[in-house]
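Heads up: the structure comes next, in structure tokens.
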Amino acid sequence: MAMTPSNMLLLGTKAPDFSLTDTISDTVLSLNKLKGDKGTVIMFICNHCPFVIHVNSELVDMANAYAEKGIGFIAISSNDAINYPQDSPEKMKIHAHTENYPFPYLYDETQEVAKAYDAACTPDFYIFDDNLKLVYRGQLDNSRPDNGQPLTGKDLRQALDCLIVGEENTKTQKPSIGCNIKWKT
């Protein structure tokens, strides 16, 4: 397993806009259509990465729990589907249904969205406020495949809870760790 850390985009950065195909509904969806009333979580994930597989259940639980609190969740895969066919849009759709994703799973075929967000790994997490300003970037929690740490989502949950009540998140934001995004050559 590769262990690539996320790049730590500058807090306060405005979320780059995008319109991408949702592999679940086969429709083009935009950030403005998907953003939450109170905030938005944008996750760069993929089907085959062991780090993402490890956190899938927590992503589903968290998205279900925070949707009613005004938080939108958006998953994006930017992997090169030619060289990594397990991450093709067709397989993304199957994967999303198997995992019961309650959020759209968008395909970034050109990889322009991943580059705009300076995404580096899967999973890579970003939280934006209601004005689409970055308030958190980094890890879900300290759990990794085979490290024995419990999967809790505590870092992301802490940031979301602060956002919802309008408090500054003073906890240290640690980079996420995962497989590198599979860039086209």
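List, please: which pairs have Cβ atoms under 7 Å, are six or more places apart or on different chains, and start with a residue in the range 172-185 that is of a type in the set (D, E, K, R) and end with one that is surrounded by 15 or more Cβ atoms within 10 Å (Cβ to Cβ) and part of a loop (DSSP other than H, G, I, E, B)?
Listed by first residue and then by second, the contacts come to Lys174/Gln139; Lys182/Asn79; Lys182/Asp80; Lys182/Tyr84; Lys184/Asp80; Lys184/Gln111.
In the range 132-153, what residues are surrounded by fewer than 16 Cβ atoms within 10 Å (Cβ to Cβ) and either within 22 Å of Leu31 (Cβ to Cβ) or of a type outside the set (Gly, Ala, Ser) (or both)?
Of the residues in the range 132-153, the ones surrounded by fewer than 16 Cβ atoms within 10 Å (Cβ to Cβ) are 133, 142, 145-150, 152.
Once the filter is applied, which keeps residues that are surrounded by fewer than 16 Cβ atoms within 10 Å (Cβ to Cβ) and either within 22 Å of Leu31 (Cβ to Cβ) or of a type outside the set (Gly, Ala, Ser) (or both), the range 132-153 yields Lys133, Asn142, Pro145, Asp146, Asn147, Gln149, Pro150, Thr152.
None of the figures in this text is laboratory data; all of them are computed from the coordinates on show. What you see is a predicted model, and the numbers here were worked out from it, not measured in a lab. Quick reminder, even Gly has a Cβ in these numbers, built from the backbone with ideal geometry, and neighbours come from all protein chains shown.
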